[in-house]
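Below: one structure, written as structure tokens.
The values are calculated or read from the model by the stated rules, or taken from the named source; none is laboratory data. It should be emphasised that the depicted structure is a prediction, and the values quoted were computed from it without experimental measurement. In this analysis, Cβ positions are derived from the backbone assuming ideal geometry, glycine residues included, and neighbour counts consider all displayed protein chains.
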Amino acid sequence: MDALFEQIAAWEDDYIIAAVHYYEEWVYSTNIGKTRFDGVLWDDVTPRNSLVEVFDRVAQTFTERGIGVVVGEYGLLGYDKSDTTNQLGETLKYIEFINHYAREKGLALMLWDNGQHLNRHNYSWNTPRFGEMIEQSMDSRSAYSKGLDTYYIHTDEMGEAITIPLLLNDLKLGSLFLEDRKLTVEEEYTYKDETVSLTGSLFEKKTEKSRPTIGETVPLRLQFSDGADWEMKVIYVEDPVLKEASGLTGRPFLIPTDFNGHHIDHVQSRDEQGTSVLTHDWWHFLEYAFEFTPLYDEEKIQLSSDYTALLEEGTYELIYTLFNGEEYGYRLIVEGGRIQGIGSQEEEGNQYEAAQGALKRGTKEQSSSKTLWLLAIIGVLLVAIGIGYEIVQGRQERK
């Protein structure tokens with residue numbers, strides 16, 4: 001940046017500005033196991049303080065020395081892969097803060113939209129929450145929860161209170177709405193030290209009317225003195241179940257999964273020595289929508305061919321961490337190019353034996369198939385030799 005400043009200053013033209021692009025730290029932006037805007041990436045680096053460091057350098061180099069700056073593109077790299085690559089609530093925190101800090105540093109922002117955000121036909125936002133945060137953040141701040149915008153509650157824990165610490169950004173909490181019904185302070189929730197606590201009885205009353213469906217989502221909305229409303233979701237969940245599966249290395253591998261309302265935060269892959277096995281061998285997590293993809297509507301988890309191509313003979317452990325912090329394991333056994341998968345929720349010993357049996361059957365089938373082909377080739381060769389011998393004999397007799 002210093003070289004660019006010197007070049008612009010040398011032109012002595014007040015109408016030249018500098019342009020930069022900003023897409024956040026790569027492991028967060030493209031979602032390689034790092035999903036939180038305030039989560040630690042490495043050492044003490046977070047997406048938030050990384051943004052501060054970059055924008056401070058830009059301001060010190062240009063705007064504080066008389067040269068205007070436009071951030072000609074900003075966004076997240078995960079946009080190009082899918083709508084679900086970047087967790088929406090964490091994306092909204094990023095949007096809110098980058099607009100605030102750019103305004104504070106005198107930088108002009110331009111959102112890069114690859115077609116995912118704005119409907120070009122009617123000029124409406126495809127995701128209203130995203131659009132509201134963009135518009136509100138142009139000239140004001142918004143408040144939000146310090147944790148996720150989603151709270152997962154097990155159906156057998158509905159009597160427990162839900163605690164929501166807030167980052168107010170100099171705003172004041174207004175009203176709370178559960179399913180568009182305004183909640184009563186002190187009776188249905190309390191508020192102290194910038195923390196909302198929803199009473200356990202609030203959800204007990206709901207379940208007295210009818211038992212909730214697993215995966216059912218209850219919307220919770222928090223209003224503040226200014227800025228965008230903060231929309232949250234309470235989802236009723238039970239333990240997920242990852243089921244048996246089989247496939248081949250170098251091919252996509254599908255794991256039938258009962259998500260039971262849960263969502264996957266990140267995935268780790270290790271071999272028998274505990275070494276990470278992934279395409280980004282300098283990192284610790286699989287890349288979302290490249291090495292693994294949760295297919296929630298189809299109740300499957302897909303491991304990509306890029307990932308399974310890395311698997312050699314042996315046993316591998318996948319560790320799935322959910323957004324509520326729970327971890328679940330899944331074992332892959334690879335033999336002869338075949339993959340057998342078993343979930344940790346099953347009776348592991350029996351499942352392991354079954355997996356080994358399936359692999360052996362597959363190996364025997366492959367071996368039998370190869371034997372049949374070999375016998376067929378030998379037969380053809382013998383016939384060809386026999387025919388050749390008869391031809392030679394015939395020629396000798398004619399002579």
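Structure data summary
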{"quantity": "Residue that is small (Gly, Ala, Ser) and free of Cβ contacts under 8 Å to residues at least 12 places away in the same chain, where the choices are SER124, SER175, SER142, SER201", "calculated": "SER124"}
{"quantity": "Any pair with Cβ under 6 angstrom, 6 or more apart, that starts in the range 268-284 at a residue that is at positive phi and in the same structural domain as ILE319 (by the TED database) and ends at one that is in a strand (DSSP E or B) and of a type in the set (A, V, I, L, M, F, W, C)", "calculated": "none"}
{"quantity": "Residue match in the range 92-110 (condition: among the polar types (S, T, N, Q) and within 27 Å of HIS266 (Cβ to Cβ))", "calculated": "no"}
{"quantity": "Residues satisfying the stated conditions in the range 183-206, i.e. surrounded by 12 or more Cβ atoms within 10 Å (Cβ to Cβ) and part of a strand (DSSP E or B)", "calculated": "VAL185, TYR189, THR190, TYR191, THR195, VAL196, SER197, LEU198"}
{"quantity": "Close pairs (7 angstrom Cβ cut-off, 6 or more residues apart or separate chains): among the polar types (S, T, N, Q) in the range 327-346, crowded, with 23+ Cβ neighbours inside 10 Å and part of a strand (DSSP E or B) anywhere", "calculated": "SER344/TYR330; GLN345/LEU242"}
{"quantity": "Any chance LEU176 is assigned by the TED database to the domain that holds ALA228, in a strand (DSSP E or B) and of a type in the set (A, V, I, L, M, F, W, C)", "calculated": "yes"}
{"quantity": "Residue among LEU148, LEU109 that is closer than 24 Å to THR35 by Cβ, in a loop (DSSP other than H, G, I, E, B) and among the hydrophobic types (A, V, I, L, M, F, W, C)", "calculated": "LEU148"}
{"quantity": "Failed item, numbered, when ALA10 is tested on (1) in contact (Cβ under 8 Å) with a residue 40 or more places away in the chain; (2) assigned to a helix (DSSP H, G or I)", "calculated": "(1)"}
{"quantity": "Residue in the range 40-75 that is nearest to ASP13 (Cα to Cα), counting only those that are without any contact (Cβ under 8 Å) to a residue 24 or more places away in the chain and part of a loop (DSSP other than H, G, I, E, B)", "calculated": "GLY66"}
{"quantity": "Flag if ASP56 is charged (D, E, K, R), more than 23 Å from ASP139 (Cα to Cα) and in the same structural domain as ALA9 (by the TED database)", "calculated": "no"}
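Rundown of residues vs (1) buried (at least 18 other Cβ atoms within 10 Å of the Cβ); (2) among the β-branched types (Val, Ile, Thr); (3) part of a helix (DSSP H, G or I), yes/no style:
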{"position": "TYR79", "(1), (2), (3)": "yes, no, yes"}
{"position": "LEU92", "(1), (2), (3)": "yes, no, yes"}
{"position": "GLU96", "(1), (2), (3)": "yes, no, yes"}
{"position": "GLN116", "(1), (2), (3)": "no, no, no"}
{"position": "MET133", "(1), (2), (3)": "yes, no, yes"}
{"position": "SER142", "(1), (2), (3)": "yes, no, no"}
